[in-house]
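Please read the structure below before turning to the comments.
Computed from the coordinates by the stated procedures, all read-outs in this text should not be read as laboratory data. The shown structure was predicted, so the numbers you read here are calculated from the model rather than taken from an experiment. Cβ: placed from backbone, ideal geometry, glycine included. Neighbour counts: every protein chain shown.
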Amino acid sequence: AILAAHIARTLGESSVLSFDMGGTTAKICLIDDCTLPLSRTFEVDRAHRFMKGSGMPIKIPVVDMVEIGAGGGSLASVDELGRVSVGPESAGAEPGPACYGRGGGAAAVTDANLMLGRLDADGFAGGRIPLNTKAAQQAIQTEIGDALKTDAIGGAQAVIEIVDENMASAARVHAVEKGLDVTERTLIAFGGGAPLHAIAVARKLGIDRIIIPRDAGVGSAVGFLLAPVAFEVVRSRFTLLEHLEPEAINALFEEMEEEASATVRLGASEASVSTVRHAFIRYAGQGHEIKIQLPDLPLTADDRKTIAETFDKAYRNQYGQGIPGVPLEILTWSLTASAPVSEDIRAQVEHPSAKPQQSIGQRMVWMPGNDHPTECSVVTRQAISTAHPVAGPAVITEDQTTLVAPAGWTLSANPYG
């Protein structure tokens, strides 16, 4: 999500959906105004249709996102009612999917993608990991095809359809919980598995614009390099907003700023340190608070009105209406100190090739939404430029991942690659 926020800032995308799919999980985050949404609680192992409250809450500061068991190694099965399920069980790195040829026998998402022609058995990971198509076929047929009374291709299509719908459903539920819409967003996909599924998920969500960054397969690692040195201090001090004592809260913030800034300077001694202040506010009697940004100045009595108006706007944005006449309670105060980070690591402008792209071959691929294979051009990512777009159906290859583009989609590279 940090990488997605950086890309949003670089390209001026004000509303994006970050989609990170790796080997075991898929993570979805809604980012507005290029600012990462943060939360004090993270819920793991959501059991009921990815809905809030159906998992185990953990009290830690995190990026506000939803995570589900859907990755390249996620295992597929068919239950007694003939329903296909995918994840959260995973083949892991060892033994991995059946097609890795390391002893795994269960059907994984990667096996299904291989069966549908979306992966090159000889070119996977730049040719360093040859894939065993026969092992993938046997696993899909045994675990899925036989139970559904279909062949391995039909079983693979069922697996991919279920995992795509699971990820799209998680995004819908997450957006509804936040009172946000996904259809007008740009989807930013990274991780080894996301480009394979990005267009299918986008179509299910009504999204028509997708960005696949350079080095998408290691996008989370690049995001870690872009993370600022930061430290948050949180203090609990209950008060009604109407009884707010500015002098006492200002003294509290001074202590918090001293502690947070000292910690940040341990990792960025020469950098300037900036601070952001927040309050966690709720209507009296409620059990959940909303995080509200405060002025980065000493508070005065006049700020009571400003804080109330900011809370009312945030509450209406999330829930549709406010509750007039009910007092506001402030439970917690937080201050985050951070040092600026150089984003030049991902901001280099690439010089596009003057030569038109050349296909490195053709391949029969079962594209998303099709019940028959389509002959597709296979193009290396390096061959795509602003001047030379590629029209689907096409398969775009690189060492770390593969992008599948059905007919009707056009791929081009921006100045950042």
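Legend: translational diffusion of segment 178-284 by Stokes-Einstein, Rh = Kirkwood radius over C-alpha pairs, 4 °C, 1.567 mPa s; D = 71 µm²/s. Once the chain from Ala125 to Ala301 is taken as fully extended at 0.36 nm per residue, the excess over their C-alpha distance is 57.3 nm.
Projecting the Cα positions of Val276, Ser18, Gly127 onto the charge dipole of the chain (unit charges on Cβ atoms of Lys, Arg, Asp and Glu, taken about the Cα centre) puts Gly127 furthest along the positive direction. The charge dipole of segment 230-340, taken about its Cα centre with unit charges on the Cβ atoms of Lys, Arg (+1), Asp and Glu (-1) only, comes to about 480 debye.
Rounded to the nearest 10 degrees, the angle from helix 246-265 to the longest Cα principal axis of the chain is 40 degrees. Under a model in which nothing but the beta-carbon of Lys, Arg (+1) and Asp, Glu (-1) is charged, the chain shows a dipole of about 720 debye around its Cα centre. Taken over the C-alpha atoms, segment 93-161 has Rg and Dmax values of 11.1, 35 angstrom.
Separation of segment 165-219 from segment 394-417 is 15 Å, based on Cα centroids. Computed over the chain, the range of Cα coordinates on each principal axis works out to 72, 56, 37 Å, biggest value leading.
Against the chain, whose longest principal axis is taken from its Cα atoms, helix 152-178 shows a tilt of about 10°.
Among Leu240, Leu205, Leu187, the largest mean-square fluctuation in a Gaussian network model of the chain, built with springs joining Cα atoms closer than 10 Å, belongs to Leu240. Determine the alpha carbon to alpha carbon distance for each of Lys204/Lys313; Lys27/Lys149; Lys27/Lys305; Lys59/Lys178 and list only those over 28 Å. Result: Lys204/Lys313; Lys27/Lys149; Lys27/Lys305 exceed 28 Å. Indicate the gyration tensor shape class of segment 1-227 (rounded, prolate or oblate), computed on the Cα atoms with a ≥ b ≥ c the square roots of the eigenvalues: a/c under 1.5 is rounded; otherwise a/b larger than b/c is prolate and the rest oblate. Since a/c reaches 1.5 and a/b is larger than b/c, the shape of segment 1-227 is classed as prolate. Shape summary of segment 230-340, radius of gyration then Dmax from alpha carbon positions: 15.0, 49 Å.
Here the relative contact order of the chain, from alpha carbon pairs under 8 Å that lie six or more residues apart, stands at 14 percent.
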